[in-house]
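Right, one structure below, let's go through it.
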């Protein structure tokens, strides 16, 4: 069955909307070009620009430092992927324990609360240093001494606290009628949580979780404080040898290449979520 042809008024309205979108795009593009052009002109016309360019944007130093920074950056990627895989189940467990109504879990609720409060209150770099230097000093059997795994433990504990609060907020944002509906269908509390609440909560918290993971990708550079040679440390070594900071600019570009796509994906998820909530 074919759809009826749009009315003349609808056609005119669609044409007007297209013109409005094109006009907005043109104005935005022209504004960006003007602002970018003025910014470039102001920077390049500064008296110290030649020296600044040589120190921060030297092509020769960029080519020379690139291989070492590129190889070291894979450590950042490995840290990010490993910590992300560990943070998600840890944070979900902490969040569920904190909202579960069973009085038998009271000690675990207290432990989860103390964990989130303490590790959200300590700067991540201090967590990395305390665990990276403290765990090996204990000399206990079974405690890893690998710098990589000490870095993983540090970042997992630190970011697990932040992500746990995001997930707890997502679980608590689900309307109580959803819990009641699950129980009315004969589901137990764990079944209601698993089949009804969690799917909705995870969808709601995906954008803020992505923001946390963007921050995590950048904070993998903090493991350099315990001796791991990742991208920032490799760039710093080159800078110390040559007294030129172009290597730090190269390291920054590596992080930007990873974080900008994640940021744009987060924006897309946010817009999609808002559209769903608006019924569009």
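Matching residues to (1) outside any helix (DSSP H, G or I); (2) surrounded by 15 or more Cβ atoms within 10 Å (Cβ to Cβ); (3) without any contact (Cβ under 8 Å) to a residue 40 or more places away in the chain:
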| site | (1), (2), (3) |
| --- | --- |
| 182 | no, yes, yes |
| 190 | no, no, yes |
| 195 | no, no, yes |
| 210 | no, yes, no |
| 217 | no, yes, no |
| 229 | yes, yes, no |
| 234 | no, yes, no |
| 247 | no, yes, no |
| 251 | no, yes, no |
Here's a check for you: in the stretch 78-109, which residue that is within 19 Å of the chain's Cα centre (by Cα) and either part of a loop (DSSP other than H, G, I, E, B) or free of Cβ contacts under 8 Å to residues at least 40 places away in the same chain (or both) is nearest to residue 166 (Cα to Cα)? 89
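State whether one or more residues within the stretch 189-197 are in contact with a helix residue (DSSP H, G or I) (Cβ under 8 Å, 6 or more places away or on another chain) and under 22 Å from residue 124 (Cα atoms). Step through it out loud before you land on a result.
Start the filter on the stretch 189-197 by keeping residues that are in contact with a helix residue (DSSP H, G or I) (Cβ under 8 Å, 6 or more places away or on another chain), which leaves 189, 191-193, 195-197.
Filter once more, so that each one left must be under 22 Å from residue 124 (Cα atoms): none.
Looking for residues that are in contact with a helix residue (DSSP H, G or I) (Cβ under 8 Å, 6 or more places away or on another chain) and under 22 Å from residue 124 (Cα atoms), one finds none in the stretch 189-197, hence no.
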Residue in the stretch 132-152 that is surrounded by the fewest Cβ atoms within 10 Å (Cβ to Cβ), counting only those that are closer than 29 Å to residue 206 by Cβ and in contact with a helix residue (DSSP H, G or I) (Cβ under 6 Å, 6 or more places away or on another chain): 152
Tell me which of these residue 257 doesn't satisfy, since it passes every other one: (1) touching a residue at least 40 places away in the same chain (Cβ under 8 Å); (2) loosely packed, with under 14 Cβ neighbours inside 10 Å; (3) under 25 Å from residue 53 (Cβ atoms). (1)
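Read-outs: derived from the displayed coordinates by stated rules, not from any lab. This one's a predicted model, so the numbers in the text were calculated from it and none came from an experiment. Methodologically, a virtual Cβ is constructed for each residue, glycine included, from the backbone with ideal geometry; neighbour enumeration extends over all protein chains shown.
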